[in-house]
Amino acid sequence: MTTADSLTEAEPPPATAPFAAKMAFYRSQHTTRGIRATHLVGIPGVAFSLPLLVGRPKVGLPMFVASWALQVAGHSVFERNSPTLTKGFLTYQLCGLAFWCEEVADLLAGRGLGGQTRPPRRSRA
């Protein structure tokens, strides 16, 4: 399969699904080391930029934009899918924070950064 091939993405669970199902979906969209690394930096970048947007917008706005851009680029380059936030903004914001906590816990426990070195093959449309 080449990058020119049409890629399909898994369908997210319904809004009424339990949080565990949504986390499983989120994890399925973040499988490579590259995406995990970009999110390891990008997620706290967004979080730290939020209060700066109010107090010091000249610092907060560039940090906010750069952090989001890093994560979106990670999806494009490493996963070849669209960010999960497009499937449910608030729900997948919370999944992203939980995922980030899991990654940091793995790093602190000495398990390293999880994920594969290559993106998974996606089925053709």
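Restrict the check to region 25-32 and report whether at least one residue is outside any helix (DSSP H, G or I) and of a type in the set (Gly, Ala, Ser).
no
Residue count for region 33-56 satisfying the condition of being part of a helix (DSSP H, G or I) and open to solvent by 70 Å² or more (accessible area, probe 1.4 Å): 6.
Looking at (1) of a type outside the set (Lys, Arg); (2) at pLDDT below 95; (3) surrounded by fewer than 18 Cβ atoms within 10 Å (Cβ to Cβ), which is the only condition Val72 fails? For Val72, the exception is condition (2).
Of everything in region 75-108 that is aliphatic (A, V, I, L, M) and open to solvent by less than 60 Å² (accessible area, probe 1.4 Å), the residue that is modelled with the lowest pLDDT is Leu85. Applying the criterion of being over 10 Å from the mean Cα position of the chain (by Cα) and among the hydroxyl-bearing types (Ser, Thr, Tyr) to the residues of region 36-75, the residue that is nearest to Leu113 (Cα to Cα) is Ser67.
The values are calculated or read from the model by the stated rules, or taken from the named source; none is laboratory data. As the structure is a computational prediction, the values presented were derived from the model and not from experiment. Ideal geometry is used to build each Cβ from the backbone, glycine not excepted, and the neighbour counts take in all protein chains shown. Protein only, heavy atoms only, side chains kept; ligands, DNA and RNA dropped before computing areas. Shrake-Rupley method; radii C 1.70, N 1.55, O 1.52, S 1.80 Å.
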